[in-house]
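Take a look at the structure set out below.
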Amino acid sequence: MKLIGSYLKKYLSVMVIGTAIKITGSMLELLIPYCMEYIIDEVVLEKQISKVLLWGVIMMALAVLVRQLNVTANRMAVRVAQKSNYDIRRDLFHRSIRLSGSQVDEIGLPSLTSRMTSDSYNLQNFIRAAQTLGIRAPIMLLGGIIVTLLMDRRLALILCILAPVMISIMVFISFKGIPLYEKVQKSVDDIVRIMRENITGIRVVKALSKEEYEKKRYADTNEEMTARDVRAGVIMSLPVPLVTMLLNVVGLTSVVYLGAYLVNEGYTKPGVILAFLTYFNMMMMGVMGLSRIITMMSKANASAKRIAQVIYMQEELLPIPESEAAHTDQDGFIVFDHVTFNYGSDDPMAGHERQNCLIDIDFTMKKGKTLGIIGATGSGKTTIVNLLMRFYDPIRGHVFVDGKDVRTYDKDTLHRMFGVVFQNDCIFADTLRENISFGRDVSEEELWEAAQDARAKEFLKQYEEGLDHEAVIHGANLSGGQKQRVLIARALAAKPQILILDDSSSALDYKTDADLRKAIREHFEDTTTIIVAQRISSIMSLDDILVLEEGRVIGHGTHEELLANCRMYQEIYQTQMGGV
């Protein structure tokens with residue numbers, strides 16, 4: 001709950017005013033049954049209609065005032081809840097996009113999504129309820145006991161005995177329920193993961209006629225989440241029937257029985273009994289309110305822990321001082337110096353070791369040169385790109401850009417050097433202009449130049465809106481080739497120092513691919529270019545080519561050199577091009 005407290009500090013003055021209004025309204029509400037008792041036991045006996053009407057007007061005025069005060073306090077509580085939750089979501093989003101690759105792998109994209117949505121919604125509900133029910137319910141419970149003690153101590157003794165029992169029941173059950181809601185939120189992660197997989201892979205599901213299979217997979221996960229939610233809900237709902245039974249069966253019965261005796265003996269008055277019954281109802285509403293608050297608190301506590309894990313997560317991959325940086329004598333704009341890497345941990349305390357994805361990768365590139373990387377799926381091609389852009393740090397060896405250890409760069413400074421198209425890159429639901437410029441200061445002329453070089457200009461001109469044509473989510477209204485050309489235009493638009501195309505031409509025909517590579521050679525001769533590809537035709541004209549197999553470099557050289565001395569490259573060429 002420290003997370004919630006830290007975000008509510010800036011709204012403390014509003015909360016104090018809202019709390020004061022809510023307390024005032026709740027205390028005035030407690031006076032209404034007291035007025036009723038006074039009218040029945042005192043005013044009515046005087047047989048003065050005007051005085052009865054006067055007290056009736058006073059009760060009505062109290063009711064109207066209580067309603068207005070509660071509405072005002074509730075509106076203030078809603079505003080505080082919305083604004084504080086906005087701050088939480090904002091910081092959660094900002095932290096999420098600054099997480100390192102290993103941190104994202106640890107948490108998982110589905111879990112980040114559910115923390116941003118359902119978890120933050122749980123916090124908003126609790127913050128709102130804590131300022132409304134959280135204030136009114138205790139006042140109804142404790143205030144009811146205090147007022148009844150003033151009215152009749154003998155009858156109030158019943159409430160004094162029941163109150164600790166009721167509170168003990170709620171506290172005990174709440175401690176049982178809090179861990180259950182943590183499991184519920186983890187199940188929400190699983191639901192979001194399956195939904196995300198099916199939404200992004202809907203075409204594959206349909207193409208393979210796996211709708212029923214995916215329905216069953218979703219249903220199984222949904223049933224598990226529902227079972228956990230029901231179990232938590234059942235346990236957290238137990239206080240209400242138990243407390244209701246205590247108040248109604250034990251409390252009300254005792255009050256009516258003892259009250260009738262006291263009235264007959266002349267120790268109390270009928271109005272007191274009616275007032276006690278009203279206060280019992282108020283106290284019951286207070287107990288139910290406390291039960292709801294405890295349930296919301298249980299959910300919010302579980303959600304706050306999950307959100308705090310991200311917001312307070314230490315930022316990894318911060319720049320290191322030059323004094324701690326590695327140095328290289330190798331002459332190159334990009335240098336991989338005996339780099340080894342895996343996506344796990346070599347810590348023996350972890351209980352196991354991960355297989356290395358890259359093993360002793362060593363190569364250099366001069367500025368303005370081109371490098372192709374080819375190899376089987378899982379050979380480590382994309383991992384080289386991830387290390388170059390410092391999404392991860394190698395476990396051994398070092399990576400250098402422009403003569404400096406990449407660890408010394410500020411991340412934003414480093415990433416601005418790159419224009420990159422990743423595998424399965426994203427088209428955003430926005431205009432094609434914004435998808436290409438991507439918030440950068442790119443002129444209209446530069447946008448069209450990038451589109452021309454990416455061979456996207458022709459199809460963009462066909463749209464009546466041109467660059468202002470709206471793309472839908474994931475570019476679903478664009479073909480595969482169109483999406484790749486828009487993504488390549490995005491990478492080229494800012495004239496990067498380093499251009500990375502990671503399997504970015506797989507949906508392009510051979511002529512368009514060839515025209516693209518020609519445009520890059522002619523218009524980006526000073527740009528250092530790395531092309532990761534599956535087909536040899538995309539890289540055979542480049543200055544250098546790396547051939548990877550299971551994380552190792554098994555071939556390095558020009559196209560002709562590799563044809564002469566690299567067996568794997570020869571096999572790929574023969575398969576794709578029809579001979580050596």
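The values are calculated or read from the model by the stated rules, or taken from the named source; none is laboratory data. All of these numbers come straight from a predicted model, not from anything done at the bench. Cβ atoms come from the backbone with ideal geometry, glycine included; neighbour counts cover every protein chain shown. To get the accessible areas, we keep the full protein, side chains included, count just its heavy atoms, and leave off ligands, DNA and RNA. Shrake-Rupley method; radii C 1.70, N 1.55, O 1.52, S 1.80 Å.
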Search result, residues across segment 299-325 that are among the β-branched types (Val, Ile, Thr), part of a helix (DSSP H, G or I) and surrounded by fewer than 20 Cβ atoms within 10 Å (Cβ to Cβ): 311
Hey, residue 217 at pLDDT 80 or above, assigned to a helix (DSSP H, G or I), basic (Lys, Arg) and open to solvent by less than 80 Å² (accessible area, probe 1.4 Å) or not: yes
Qualifying positions in segment 146-177 - in contact with a Gly (Cβ under 7 Å, 6 or more places away or on another chain) and not in a helix (DSSP H, G or I): none
Matching option when the condition is under 49 Å from the mean Cα position of the chain (by Cα) and either outside any helix (DSSP H, G or I) or closer than 30 Å to residue 387 by Cα (or both), among 99, 30, 69: 99
Long-range neighbours under 6 Å by Cβ, at least six apart or interchain, first residue acidic (Asp, Glu) within segment 128-152, second not in a helix (DSSP H, G or I): 152/268
Which listed residue is modelled with pLDDT of 85 or more, over 19 Å from residue 290 (Cα atoms) and open to solvent by less than 60 Å² (accessible area, probe 1.4 Å), from 152, 119: 119
Some residue of segment 326-334 being at pLDDT 90 or above, in a strand (DSSP E or B) and farther than 26 Å from residue 503 by Cα: no
Long-range neighbours under 7 Å by Cβ, at least six apart or interchain, first residue within 19 Å of residue 343 (Cα to Cα) within segment 89-118, second hydrophobic (A, V, I, L, M, F, W, C) and open to solvent by 50 Å² or more (accessible area, probe 1.4 Å): 100/391; 101/391
Residue 296 vs. criteria out of contact with any Pro (no Cβ under 9 Å at 6 or more places or on another chain), crowded, with 16+ Cβ neighbours inside 10 Å, in a helix (DSSP H, G or I) and touching a residue at least 12 places away in the same chain (Cβ under 8 Å): yes
Filter pass, residue 419 being touching a Cys at 6+ places or on another chain (Cβ under 9 Å) and either open to solvent by less than 10 Å² (accessible area, probe 1.4 Å) or without any contact (Cβ under 8 Å) to a residue 24 or more places away in the chain (or both): no
Residue satisfying all of: in segment 278-293; polar (S, T, N, Q) and in contact (Cβ under 8 Å) with a residue 60 or more places away in the chain; surrounded by the fewest Cβ atoms within 10 Å (Cβ to Cβ) among these: 278
Matching option when the condition is over 23 Å from residue 148 (Cβ atoms), at pLDDT 90 or above and not acidic (Asp, Glu), among 23, 49, 88: 88
Counted residues, segment 249-277 - those being surrounded by 13 or more Cβ atoms within 10 Å (Cβ to Cβ) and part of a helix (DSSP H, G or I): 19
Strands (runs of 3 or more DSSP E) contained in segment 470-556 and holding at least 1 residues of a type in the set (S, T, N, Q) and open to solvent by less than 10 Å² (accessible area, probe 1.4 Å): 528-532
